[in-house]
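Okay, structure first, notes after.
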Amino acid sequence: MNMEAGRDSPGRRSGEQPGILPVGLLWGITTVLGVWYGFQYAVSPERLFDYFAVGTAAFFAGLAALLVAAWRSRGAQVRERTTAGVLLSAAAVLQGLYFFSKALPVSWIVVAAVVVVPALALVWWRAGLALAWVGVAGLLAYWAIALLEPLDVAAANMLPIIQAACVDVAAGVNPYTKTYPDIATLPLYYFPGLWVPYCPFEWLHLDVRWLNVSLDLLVVVLLARACGAPGRWDLFGACVLPFLLSPPLLQMLIHGHLWPYWTMIALVLYLLTRARIAAAASALAAGLGMRQLALFMVVPLSAAFLAGGPRTVIRRALLAAGVLAVLLLPAVAAVDSFVSHFFTSIANANATLNVHPGNPHDQIALSGLLPGGMRPALLQALQVLVAFAGFGAALWAGRGKPTPAALLIAGCAYLCAVGLNPFVNRYFYVPGIMVACVALAHGVRAGTR
């Protein structure tokens, strides 16, 4: 099925477009991530476990409600979705600015007023113009914050260790053979495809976060096109824009390194909506070549790549395997033991980070709701079970095609699988929410059997 808006798109037919309830629930689970982590530093250490247990319950209850509502709710009108997009995006901007705007030369309230007040004033008169304002002004404010705030290794060490690795590469030193004790306790365990794109910026003495900003813009364009823009800005505004303006994405702009991987996921979704399945499979393989946890996305989402007959599927798989090999060969050549360096060492290090049994570092995590005595090996077995269950459900819903229903199931299966990880942080959830956003924009009811 071609999901492209305007050409056999499920989102074009009455009753199959997203309703307000699933849109609100999607915003709700994103808000839980932003607000719970935003206020975590105001909670006493002895209360953090209970605090995040409540957050975990709220997040996954919202996810379950989203799955039900996506199938049962009636489609909303264009103006209703556009208005919802403006209001939810404005709320997301207020959260982001409140938590992460200390680098601004003026009060966050002033910037929030500039972004939000015109949008609210316009929304009842020209909802489309209000949506454009809150989107453009919000993104510009976020990009300014990201580039104004100094990099601080005490706040986050991802970009500093990448900078150090880039300096070593320029000096002819293999960064995988050394440690950076002044930056991190772990050695560099990122796949080359994730951190090497930052090196040209470091070598040119530019702020490496220019790459984050550039890729954020590319993600916006890819997801907008995946939702049918420019013809369907209402779908993008309601289902995707509030997510793009959520606090976790602003924090990753400031401190983080996952934008190359997230861009690959956005590219996968764009290509699927254009029915370019082989190219989408290769892009998904590229994502796996950047991020270990992408394996839990590949398993359920691969159910959307199985249409077209065995020969076609095999060709896609071989092409994807070639892309993955090209990206991982440098990593294999750079270390003595690929599995030990990039997988086992991380698991062993994470096991020492437990603040409370079962919920390392006190995070929104299903593993935190399970009995504290559960060993990581058992949690990982549950992750695999959830991922393959998601594959089966997505295959049933889409019959091997990238239908909206199949994509939503795959995205939710990924969220549950990573939630069972022995160690979890908020950024693990972003790719799954991204998939759910685009699936919802295309109308999940159209993808049912």
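Against the conditions (1) assigned to a helix (DSSP H, G or I); (2) open to solvent by 20 Å² or more (accessible area, probe 1.4 Å); (3) in contact with a Phe, Trp or Tyr (Cβ under 8 Å, 6 or more places away or on another chain), Leu223 satisfies every one except (2). Out of curiosity, is Ala389 closer than 22 Å to Arg426 by Cα, at pLDDT 85 or above and either open to solvent by less than 80 Å² (accessible area, probe 1.4 Å) or out of contact with any Pro (no Cβ under 6 Å at 6 or more places or on another chain) (or both)? No: the conditions fail for Ala389. Among the residues of segment 150-190, those that are within 19 Å of Ala103 (Cβ to Cβ) and open to solvent by 30 Å² or more (accessible area, probe 1.4 Å) comprise Pro150, Leu151, Asp152, Val153, Ala154, Ala155, Asn157, Met158, Gln163. Do we find that Arg399 is on the phi > 0 side of the Ramachandran plot, open to solvent by 10 Å² or more (accessible area, probe 1.4 Å) and of a type in the set (D, E, K, R) in this structure? Yes: the conditions hold for Arg399.
The set of residues from segment 34-70 being over 30 Å from Ala439 (Cβ atoms) and small (Gly, Ala, Ser) comprises Ala42, Ser44. Of the residues making up segment 261-276, those that are surrounded by fewer than 21 Cβ atoms within 10 Å (Cβ to Cβ) and touching a residue at least 60 places away in the same chain (Cβ under 8 Å) number 2.
Checking each residue in segment 58-111 for being of a type in the set (S, T, N, Q), under 30 Å from Asp152 (Cβ atoms), open to solvent by 10 Å² or more (accessible area, probe 1.4 Å) and assigned to a helix (DSSP H, G or I) picks out only Gln95. Residues being more than 22 Å from Ala224 (Cα to Cα), modelled with pLDDT under 95 and buried (at least 24 other Cβ atoms within 10 Å of the Cβ) are entirely absent from segment 429-447. Within segment 227-250, the set of residues being at pLDDT 90 or above and either assigned to a loop (DSSP other than H, G, I, E, B) or among the polar types (S, T, N, Q) (or both) comprises Cys227, Val240, Leu245, Ser246.
The values are calculated or read from the model by the stated rules, or taken from the named source; none is laboratory data. Here the structure is a predicted model, which is why all the values come from computation and not from measurement. Here Cβ is always computed from backbone atoms with ideal geometry, including for glycine, and neighbour counts include all displayed protein chains. These accessible areas exclude ligands, DNA and RNA; they are computed on the full protein's heavy atoms, side chains included. Shrake-Rupley method; radii C 1.70, N 1.55, O 1.52, S 1.80 Å.
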